[in-house]
Amino acid sequence: MALAPAATAAEAGIDLVTVADVRLTLSDADGSGAHAGGQSLVRFGDGANAARLAFASLELRPYVGRTFDGLFQVRYDVQGGLDLIEAYGRYQTPDRALSLRFGLMFPPVSRENVADGWQSPYTITPSAINSWVGEELKVLGSEASWHWRAGGHDVTLSGALFGFNDTAGTLLAWRGWAMTDRMVGAFEGVTLRQVPSLPEAFPEQAWDTKPVYEVDNRLGYYLRARWQPPKGPVVDALYYSNRADPQQVENGQYGWDTRFLSLSLEGDMGRDWHYILQGMEGATQMGWPLKREPDRRAVDAHFRSAYALLSVRLPGERGEGWRVSGRVDLFEVIDRSWINIDNNNQSGHAVTLAAARRINDWAELWVEGLHSRQSRPAREAYGLARVEYANQLQVSLRAVF
């Protein structure tokens, strides 16, 4: 839908996009799933088997000619309520060689979440990497990109300065990776009430973490390079560092010094097949340095994850065939501090198979099955088995206007 003055419809206006997802979920995961203090790997636990409005989002996309556009997205989520997801503007020179983006935005990490509402066109549940992006990586800042094209090669170099992402890494260190399509909003907190080490070791830590929060008034940055050759896959690399002060605490929120490198390959195999390979490795630290090992801190974790996704568009009537996608995820968190009293190591994998089909001009039908396994010693502190096998089936009717 486009809203624009009649006299200037070709020059300026606002596009409006709404997405609503009604979903039936069946899960055998523990308790409340990955959220509300849960210790499972998947989003919904066995206490949430029901049909529900999983989320609804509204996007406003203003534009002025070919030089300015923007995005303002609000979203209602069954587990988080109504909140702001993104709000940014973008300026591009007429030749598209230079672009500037400024506001509240996701760093350009995800290769999956490229559809309306920051959804994936391949699966309901994103990979572990991009699940974490949706939960904890949202920045308030400015990004500059330079685009160059010659001889069939397309190169983009980007850099950004940002704030308000000082707590990124909290969930990876204290809960581990998860498989979830929940997006945490700008004003929302994620419950940490079941972390055993909080009351004694970190009495100033609140019982929730707020991903969009400024603790130390220090700027973070990310750098990105993207290369699309005439033939072969698109290569994308991004390095992120929030430069947070790990000993600073503000209103119950600690700074987490988090940095990572993300690499991806994406391409087509013929007309109907598409693939994505993405990996991430990094570290996060919080608290005071350890006396015997000053390079380590009170909370110190290395993390890594990778996935391979393959998707095919099947033929159908009037070109509206099924898109079938499969993905395999591997992930690990290595706890480097105090594992004898609070062992937050994690290792695991997940296999996802999804199918989607457009059934009319505004509705899509989705079916997804997800099988996962994780080993995490910290689960035993809650009376749960160290190793969890979790299965989740979801059927979704998604409307896009």
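Using a 1.4 Å probe on the protein chains only, how many percent of the accessible area of the stretch 210-278 belongs to carbon and sulfur? Please report the intermediate quantities before stating the final value.
Details: 1810 of 3440 Å².
Its accessible area is 53 percent carbon and sulfur atoms.
Which percent of the accessible heavy-atom area of the stretch 1-159 goes to carbon and sulfur, probe 1.4 angstrom? Working shown, then result.
Working: 4010 of 6220 Å².
Solvent-exposed carbon and sulfur of the stretch 1-159 make up 65 percent of the total.
For the stretch 1-125, what are Rg and Dmax over the alpha carbons, in angstrom?
18.2, 58
When the Debye formula is applied to the Cα atoms of the stretch 168-301, each taken as the same point scatterer, what base-10 log of I(q)/I(0) results at q = 0.15, 0.21 Å⁻¹?
-0.83, -1.32
What is the local net charge at ARG149, summed over the other residues whose Cβ is closer than 13 Å to its Cβ (Lys, Arg +1; Asp, Glu -1)?
Details: positive: ARG96, ARG226; negative: ASP95, ASP154.
Taking every other residue near ARG149 into account, the sum is 0.
How much area per residue is accessible in the chain when the probe is 1.4 Å and only protein heavy atoms are counted (Å²)? Numbers along the way, then the final one.
Numbers: 17230 Å² over 401 residues.
Accessible area per residue, the chain: 43 Å².
I need the peptides 125-135, 95-105, 390-400 ranked by packing, meaning the mean over residues of other C-beta atoms within 10 angstrom, with the highest value on top.
Values: 125-135: 26.1, 95-105: 15.9, 390-400: 18.9.
Listed from highest to lowest mean packing, they are 125-135, 390-400, 95-105.
Leaving out ligands, DNA and RNA, and with a 1.4 Å probe, what % of the accessible surface on the stretch 305-401 is carbon or sulfur?
So the carbon and sulfur contribution to the accessible surface is 61 percent.
For the stretch 223-302, which chymotrypsin sites (Phe, Trp or Tyr not before Pro) are both in a DSSP coil and crowded by at most 14 other Cβ atoms within 10 Å? Please list the in-between numbers first.
Details: sites: TRP227, TYR239, TYR240, TYR254, TRP256, PHE260, TRP273, TYR275; in loops: TRP256.
Of the chymotrypsin sites (Phe, Trp or Tyr not before Pro), not one in the loops of the stretch 223-302 has a Cβ with at most 14 other Cβ atoms within 10 Å.
Any chance you could list the semi-axes, whole Å, largest first, of the equivalent ellipsoid that the Cα gyration tensor gives for the stretch 149-225, using √(5λ)? If you can, show how the numbers build up before the last one.
Details: eigenvalues 227, 50, 25 Å².
Semi-axis lengths for the stretch 149-225 are 34, 16, 11 Å.
Tell me the mean residue ellipticity at 222 nm calculated for the chain from its helices only (DSSP H runs of n ≥ 4, each -39500 (n - 2.57), averaged over every residue, nearest 500).
Working: 3 runs with 18 residues, N = 401.
Value at 222 nm, helices only, nearest 500: -1000 deg cm²/dmol.
What does the net charge come to around ILE124 if you take all other residues with beta carbon closer than 12 Å to its beta carbon, with K and R at +1 and D and E at -1? Intermediate values should be presented prior to the final figure.
Numbers: positive: ARG23, ARG43, ARG182, ARG327, ARG398; negative: ASP21, GLU112, ASP181, GLU364, GLU368.
Once all neighbours under 12 Å are counted, the net charge is 0.
So how do LEU137, LEU261 rank on accessible area, 1.4 Å probe, biggest first, that is with the largest at the start?
Values: LEU137 0, LEU261 75 Å².
These residues rank, largest area first, as LEU261, LEU137.
For Cα Rg over 2.2 N^0.38 Å, the choices are (1) 1.04; (2) 0.99; (3) 2.94; which was calculated from the structure?
Here Cα Rg over 2.2 N^0.38 Å agrees with entry (2).
Enumerate the calculated ³J(HN,Hα) couplings along the stretch 164-179 in order (Karplus 6.51 cos²θ - 1.76 cosθ + 1.60, θ = phi - 60°), each rounded to whole Hz, writing x wherever the residue is Gly or Pro.
3J(HN,Hα) across the stretch 164-179, in whole Hz: 6, 9, 6, 9, 4, x, 4, 5, 5, 6, 9, 10, x, 5, 9, 10.
Tell me, what is a quarter of the convex hull surface for the C-alpha atoms of the stretch 276-350, in nm² with one decimal? Don't skip to the answer; put the middle values down first.
On the way: hull surface 26.8 nm².
That works out to 6.7 nm², a quarter of the Cα hull's surface.
Identify, among PRO199, GLY152, ASN130, the residue whose Cα sits farthest towards the positive end of the charge dipole of the chain, taking +1 on the Cβ of Lys and Arg and -1 on the Cβ of Asp and Glu, with the dipole about the Cα centre.
With unit charges placed on the Cβ atoms, the residue in question is GLY152.
Stokes-Einstein at 37 °C, 0.692 mPa s, Kirkwood radius from Cα pairs: D for the stretch 82-216 in µm² s⁻¹?
Details: Rh = 16.7 Å.
After rounding, the answer is 197 µm²/s.
Report the far tail of the P(r) of the stretch 303-399, meaning the percent of Cα-Cα pairs longer than 19 Å.
Working: 2660 of 4656 pairs.
Percent of Cα pairs beyond 19 Å in the stretch 303-399: 57.
Report ³J(HN,Hα) in whole Hz for each residue of the stretch 300-306, in order, from the Karplus equation J = 6.51 cos²θ - 1.76 cosθ + 1.60 where θ = phi - 60°; Gly and Pro get x.
Along the stretch 300-306, the couplings run 8, 9, 9, 9, 8, 7, 8 Hz.
Post the alpha-carbon centroid distance, the stretch 301-375 to the stretch 48-73, in whole angstrom.
23 Å
The values are calculated or read from the model by the stated rules, or taken from the named source; none is laboratory data. Here the structure is a predicted model, which is why all the values come from computation and not from measurement. Reconstructed Cβ throughout: ideal geometry from the backbone, glycine too, with neighbour counts over all protein chains shown. Quick note on the areas: whole protein, heavy atoms, side chains included, nothing else; ligands and nucleic acids left out. Shrake-Rupley method; radii C 1.70, N 1.55, O 1.52, S 1.80 Å.
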